[in-house]
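Asks: My questions will all concern the structure given below.
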Amino acid sequence: MPGYLGGGRELGVDNRVTEMRTDERSVFPGASESDPTLEGKEVVQSNGPVELGPGPGPPQPEGASEKELSDSASTDNTLEDSSEYSRQSLGVGSSVGLEKPPGPVALGQRDEDVTAESWRSRRKHVFVLSEAGKPIYSRYGNEEALSSTMGVMMALVSFIQSGDNAIRSIFSDDHKLVFVQQGPLVLVSVSRTLQSEQQLRQELLYVYYQIISMLTQASVTRIFERKKNYDLRRLLAGSEKILDSLLDLVEWDPSFLLGAVQCLPLPSSLRDALGALLQKAITPNLVFSILVARSQLVTTVQERAVIEDCRLDPADLHLLLNLIGASSAFQAGEIWTPICLPRFNPDGYFYAYISYLDPDCTVCLVLLSTDKEAFYAVADCKRRVEEGMRTQNALQAIAAGLRSPSYSVGLVGVPDLRHFMYKPLDIPDNYRQLPQFTSPEMEGPYCSQSERQRLFDLYHYLHSRLHSNSRPLRLIYHVAEKETLLAWVTSKFELYTCFSPLVTKAGAINVITKLLRWLKKEEDRLFIRYPLKYSTTPTPDAATAENGFFSGL
């Protein structure tokens, strides 16, 4: 039976999920009109340590004929549709580049006037509040100045909960409001972007997981069980820039969209040698050894028993790298700090040893242990890795790779191809590893931040169609105003490609054939194909047992 809000607006109720389509200006006042829309046409086919606070037969990539690929993209049983995408708004506000992150949020933005037009015209807002309506975090503006707005949001959540339902989203012509409730925390996204509800929900989960990575889920739950109106900002004081940095990254980094990590392109011999160094530098209770360079994965080694039970989730690595990159404190020396990996175990801590290996703080070694007293043993592992890298001149080789951190799309040898994102899916079970992707650097005509953001908005749209909950697609051929795009997902790969605007569907299929062959040839340089393992002899003490880190495995 339909319920009603004041003003006679109908509220649809559907088996514990409530979706509202109305004008949400009472919650988010003063929203301005959106930018002109993009016109497009698509063909779719369905189917001493320093311690921090405690914290269905797809074609094979190799050798596939053009006919086989063309058959997969046949226009039989396809849909010509130009209305859905063109109705969506690109939004207004500051643009963010795909290659280069925007600068950190300035203090002026943290104290921004929430009644000003500049605040209301932001592309996206994110709010975090408690079940009691207590403000915890706002992407822009001061939380105290937004307390009444957050109170209205919590009133909506509570009103729907009183009918034994859960509010999920509110839609208007130019805004989406997405709600996520995780335990005692409520997260809200107010967006004018092209992202789907599912994508916005995933971003909110990242914000929640970043909070949990600093506090653990068990601690947050326990705190609010004792005091429902507790101000969580007391424990998160100073961490706003970590959440700001995370929300900057999700705007331009494909890692979050694809749920994968990007490896630094390196010769396979160098990557294997670095993996062998990590494999030998071990100590009891060491679980993960990770080497990164400017937030790109160089190599990683995991404890054998951990691999047999589960694997490191890419979301956990994203959160860890964001935590390191958002704070200059990690450049001070050897850092030993507890950190929770919420996708691995949301209720326990790892103890992370974090140290940069070069004066420019570009190459970082992260060692994760379950023993909080193992700092000196883990620090010795770092010294052994450092000595091995010095002997092999590995830092100079990594530095050479960092001078051109990605690669040019011109290496594929196809003039009409402008950009692509490729994620392999056919990973053998006996090599359980992080999902990975590769993508070339952005080149003309995507040199400006606004053009890069426009392309990434298109990628968001294609991704939402491929992974739609109601009607997932296997292939989309989309003709936009300034480019042609083709997105394709099979059991072996997920691929997003951008071409010059005059490329036909048959031409795009031909280009993809060449691209897949090139990727097959270069896969040893672009991906970690055979991750190494090591075995340690765990010696859990009372503290480790109390931590209970492996209790959920």
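The values are calculated or read from the model by the stated rules, or taken from the named source; none is laboratory data. This one's a predicted model, so the numbers in the text were calculated from it and none came from an experiment. When we count neighbours, we look across all protein chains shown, and the Cβ atoms used for this are built from the backbone with ideal geometry, even at glycine. All accessible areas refer to the heavy atoms of the entire protein, side chains included, with ligands and DNA or RNA removed. Shrake-Rupley method; radii C 1.70, N 1.55, O 1.52, S 1.80 Å.
Asks: Do the alpha carbons of any pairs in Lys482/Lys521; Lys423/Lys521; Lys176/Lys227 sit beyond 22 Å of each other, and which pairs?
Replies: Lys482/Lys521; Lys176/Lys227
Asks: Right, another one. Please work out whether region 386-472 counts as rounded, prolate or oblate from its C-alpha gyration tensor, where a ≥ b ≥ c are the square roots of the eigenvalues and a/c under 1.5 means rounded, while otherwise a/b larger than b/c means prolate and anything else oblate? If you can, show how the numbers build up before the last one.
Replies: On the way: a/c = 2.50, a/b = 1.37, b/c = 1.83.
Here region 386-472 falls in the oblate category.
Asks: Moving to a separate point now. Once you have the alpha carbon radius of gyration of region 112-239, what is it after dividing by 2.2 N^0.38 Å, with N set to its residue count? Don't skip to the answer; put the middle values down first.
Replies: Details: Rg = 14.3 Å, N = 128, 2.2 N^0.38 = 13.9 Å.
In units of the 2.2 N^0.38 Å rule of thumb, it is 1.03.
Asks: Hey, can you rank 502-508, 390-396, 416-422 by average C-beta count inside 10 Å, highest first? Kindly include the intermediate steps, with their values, before the conclusion.
Replies: Working: 502-508: 15.9, 390-396: 13.9, 416-422: 21.4.
My ranking of the peptides, most packed first, is 416-422, 502-508, 390-396.
Asks: Where nothing but the Cβ of Lys and Arg (+1) and of Asp and Glu (-1) is charged, how large is the charge dipole of region 112-239 around its Cα centre, in debye to the nearest 20?
Replies: 320 debye
Asks: Take the alpha-carbon positions of region 261-404, form their convex hull, and give its projected area averaged over all directions (one quarter of the hull surface) in nm².
Replies: 8.2 nm²
Asks: Still on this model: Whole-Å semi-axes of region 409-526's equivalent ellipsoid, largest first, each the root of 5 times a Cα gyration tensor eigenvalue?
Replies: 22, 18, 14
Asks: If packing is taken as the average count of other Cβ atoms within 10 Å, what order do 138-151, 284-297 fall into, highest mean first? List each step's numbers first, then the result.
Replies: Working: 138-151: 17.9, 284-297: 21.7.
Result, highest mean first: 284-297, 138-151.
Asks: Over region 409-526, what percent of the accessible surface lies on carbon and sulfur atoms, probe 1.4 Å? Intermediate values should be presented prior to the final figure.
Replies: Working: 2150 of 4290 Å².
For region 409-526, the apolar C and S fraction of the accessible surface comes to 50 percent.
Asks: Give the calculated FRET efficiency between Arg233 and Thr391 to the nearest 0.05, with a Förster radius of 41 Å applied to their Cβ-Cβ distance.
Replies: Working: r = 48 Å, r/R0 = 1.18.
Efficiency, from the Cβ-Cβ distance: 0.30.
Asks: Grab the eigenvalues of the alpha-carbon gyration tensor for region 226-267, scale each by 5, take roots, and send me the semi-axes largest first in whole angstrom.
Replies: Each semi-axis is √(5λ); the values are 33, 11, 10 Å.
Asks: On to the next question. Too long at a 30 Å Cα-Cα cut-off: which of Lys124/Lys514; Lys241/Lys520; Lys241/Lys372?
Replies: Over 30 Å apart, Cα to Cα: Lys124/Lys514; Lys241/Lys520.
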